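Each value in this text was obtained by applying a stated rule to the coordinates, not by laboratory testing. None of the values given here were measured: they were computed from a predicted structure. Cβ placement follows ideal geometry from the backbone for every residue including glycine, while neighbour counts extend to all protein chains displayed.
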Protein chains: 2
Amino acid sequence: MARFFMAGTNLLGGTAIIRGRDAEHVRVLRLRPGEDLVICDGEGTDYKCRLVYADKEQAEAEVIEVVKCPAEPSVKVTLLCGLPKGERVDYIIQKGVEAGAYEILFFDCNRCVAKPEDPTKKLERWQRIAEEAAKQSGRGIIPKVGWAGEFHDALDIAVKKDLGLFMYETGERESLNTVLDAHKDLATAAIITGPEGGFAEFEAKLARLCGLHVCSMGERILRCETAPIVALTATMYATGNLA
Amino acid sequence: MARFFMAGTNLLGGTAIIRGRDAEHVRVLRLRPGEDLVICDGEGTDYKCRLVYADKEQAEAEVIEVVKCPAEPSVKVTLLCGLPKGERVDYIIQKGVEAGAYEILFFDCNRCVAKPEDPTKKLERWQRIAEEAAKQSGRGIIPKVGWAGEFHDALDIAVKKDLGLFMYETGERESLNTVLDAHKDLATAAIITGPEGGFAEFEAKLARLCGLHVCSMGERILRCETAPIVALTATMYATGNLA
């Protein structure tokens, strides 16, 4: 079913007035009066609506049912990724949203090759990728995409969650299964993954000192754009959010 | 550590003679005598070697240790994917190999938009993507990429495995957790996923009639290139192959 986020919508009583880009989208999809669509408030609530009329500038739909969006996971997972180069960022955002991330934040660290002068300039484009993926996958929110800052800023965000995972390729690590099995009823979690060159040893040490769980995902070396999606999927599976 | 598959190698006694493309690769990597590399036989065994000499045509390395490749999962998972369009195929191959697939086969079905006249023409390129990903992620085999044929051929392959999963977006389905929890000690498994438009209802019905487990991955709609990776990752996690 066609899915819209609230941005261009006014919900007045039992009627949704759709304007702007979303009205245009209704037209492009050739939705006809009597057909159903979902308007999501971006905070986990879905308004199931039936189209009453649509013209170039505006569409009107009748609200039939208000439900909690069933696609939203019970755990809010923040992905924190060492900024990779180019397309890998887009990939992490698109697949991260599909796989259920609550928010996706990038940071700079020791081995980051990509050093945008001002990453905040990219935020608008990144956020559009997230919105597109959220619509397509039926999410109840548009996950926030943002810039976390430096490595220590990422640690600071992660330690405030119920569970903080730091994915690392070598040395002493905990098994992801053991850690996730011990945290079934999470409300929030953070997953930190590195850039192309991985993390420096001192960064893993700092993460451990801060109380994060330094974890392995087995002996296969995952690309920097694959690791966050694999770790997120494992977390979703372990917390019953992939069923 | 630099990693090579056997193709261009002769192992004679305790010495590896590297020729052709691999010898060229040794040169490109600027490996020097005394440096270590791994030569994998493509059947799960790693030969840890030390470079003795390298010139344009040939390199010679001394075998130091022979070990079972630690990156190979205990379960051999066959991904069976309804053929998607263009780049999505490449993506499934690359990420599938990283995430631990044993083989990746594509098939034609009711809603396949991509209808290559002769998919076997693409096999060489697809196999190269798998080889590249296998090297990069440290796999002990080069997963086979192939053409399974029609939908019924895919079912035929899947029913011969210890566990056959059919990922479906709607209707009556089993929970992936329940099914995987009941199959911890798998030797082989198959995961069937659909093309862009998903599966037709009769296809899901056929899969169920054949004894496959028709499973849900939750309410988020996954793209056709994301679904096999998410299902594979869940299977790897549930069978202890992500630790």
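Miscellaneous remarks
- Size of segment B:12-62 as Cα extents on the principal axes (Å, biggest first): 27, 20, 18
- Relative pair counts by distance (%), Cα atoms of segment B:39-92, 10 Å bins: 18, 27, 25, 23, 7
- For the peptide B:230-236, the mean number of other protein chain Cβ atoms found within 10 angstrom of a residue's Cβ is 6.
- More than 40 Å apart - percent of Cα-Cα pairs taken over the protein assembly as shown: 25 percent
- In this structure, the residue pairs whose Cα-Cα separation is over 18 Å, taken from A:K85/B:K85; A:K76/B:K184; A:K95/B:K184; A:K121/A:K160; B:K48/B:K135; A:K121/A:K144, are A:K85/B:K85; A:K76/B:K184; A:K95/B:K184; A:K121/A:K160.
- Counting Lys and Arg as +1 and Asp and Glu as -1 over every other residue whose Cβ lies under 14 Å from the Cβ of B:A182, the net charge comes to -3.
- Nearest residue to the symmetry axis between A and B, taken on chain A by its Cβ, in whole Å: A:T233, 2
- Whether segment B:178-243 is rounded, prolate or oblate, judged on the alpha carbon gyration tensor where a/c under 1.5 counts as rounded: oblate
- For the peptides A:220-230, A:47-57, B:141-151, the ranking by packing is A:220-230, B:141-151, A:47-57, with the highest mean count of neighbouring Cβ atoms within 10 Å listed first.
- Square roots of 5 times each gyration tensor eigenvalue, C-alpha, segment A:13-140, largest first, Å: 35, 17, 10
- Average beta carbon contacts from partner chains per residue of A:138-151, 10 Å cutoff: 1
- Neighbouring partner chain Cβ atoms per residue of A:20-33, average, 10 Å criterion: 0
- Structure-based [θ]222 nm, chain A - -39500 (n - 2.57) summed over DSSP H runs of at least 4, per residue, nearest 500: -9000 deg cm²/dmol
- Relative intensity, log₁₀ I(q)/I(0), of segment B:102-243 from a Debye sum that treats every alpha carbon as a point, q = 0.14, 0.20, 0.21 Å⁻¹: -0.69, -1.41, -1.52
- 9 Å beta-carbon shell around B:K48, net charge (K/R +1, D/E -1): -2
- Unit Cα scatterers, Debye sum, segment B:140-209: log10 I(q)/I(0) for q = 0.12, 0.18 Å⁻¹: -0.36, -0.80
- Ascending distances from the A:D36 label point to its copies in the other chains, with the point 7 Å along the Cα-to-beta-carbon line: 6.1 nm.
- As an equivalent ellipsoid, chain A spans semi-axes of 38, 19, 13 angstrom, where each value is the square root of five times an eigenvalue of the C-alpha gyration tensor, largest first.
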